[in-house]
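I have placed the structure first, in the form of structure tokens, so that the comments after it can refer back to it.
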């Protein structure tokens, strides 16, 4: 009996240790109450002739034990004809607004994800993104400070005719499918829509960049972003 009890305790200890060694994967709905939208107006992109505005929101990263696929998207209630969403990423934002994007989330535009977002949540139109082969991440390696936030970012581009347009935006993030899209019947970690405390109110504008975070985001667009290695 004593040996059996010791074996049971050892098994329980191993299970407890395994449960602690969770990893972070896809993003999920943000903490409550809903956070504010972060808007970074980056001004004119001389290469494209378009204005750039980055839109971000705080999210949670849910736990998983294996490599998988993540999906995310941004939907608009009032879409100017010239507006496009061209990039997405997940990054750590420190109290000084410096952003370190996570290499594990290499999102690419995906038409199937956009279609699934539209079909599941309506509204829109939606811009969908998929990141495949997202590896497990050891939480202890993220180096999160007490005031650091995990944020989901989207880069929008539009011409001058869209300046001043007011829209309501909806974010979505969760577990995706290889090749694009997502399974709407997943019991947990499914792609879910969420918005900000002001109902996703977004105004398109394009002042000159004024903070250090803008330079970081500009580097992302140029492929020179500071990323966690």
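The values are calculated or read from the model by the stated rules, or taken from the named source; none is laboratory data. Everything numeric here is computed off the predicted structure, so don't read it as measured data. Don't worry about glycine lacking a Cβ; one is built from the backbone with ideal geometry, like all the others, and counts go over all protein chains shown.
Miscellaneous remarks
- Condition met for residue 144 (closer than 20 Å to residue 29 by Cα and either out of contact with any strand residue (DSSP E or B) (no Cβ under 8 Å at 6 or more places or on another chain) or surrounded by fewer than 16 Cβ atoms within 10 Å (Cβ to Cβ) (or both)): yes
- Residues within the stretch 95-118 that are surrounded by fewer than 16 Cβ atoms within 10 Å (Cβ to Cβ) and either touching a helix residue (DSSP H, G or I) at 6+ places or on another chain (Cβ under 7 Å) or touching a residue at least 24 places away in the same chain (Cβ under 8 Å) (or both), tallied: 6
- Looking across the stretch 45-82 at every residue that is buried (at least 19 other Cβ atoms within 10 Å of the Cβ) and touching a helix residue (DSSP H, G or I) at 6+ places or on another chain (Cβ under 6 Å), the one that is nearest to residue 145 (Cα to Cα) is identified as 54.
- For residue 82, the conditions (1) in contact with a strand residue (DSSP E or B) (Cβ under 6 Å, 6 or more places away or on another chain); (2) outside any strand (DSSP E or B); (3) at pLDDT below 85; (4) closer than 24 Å to residue 165 by Cα all hold with the exception of (3).
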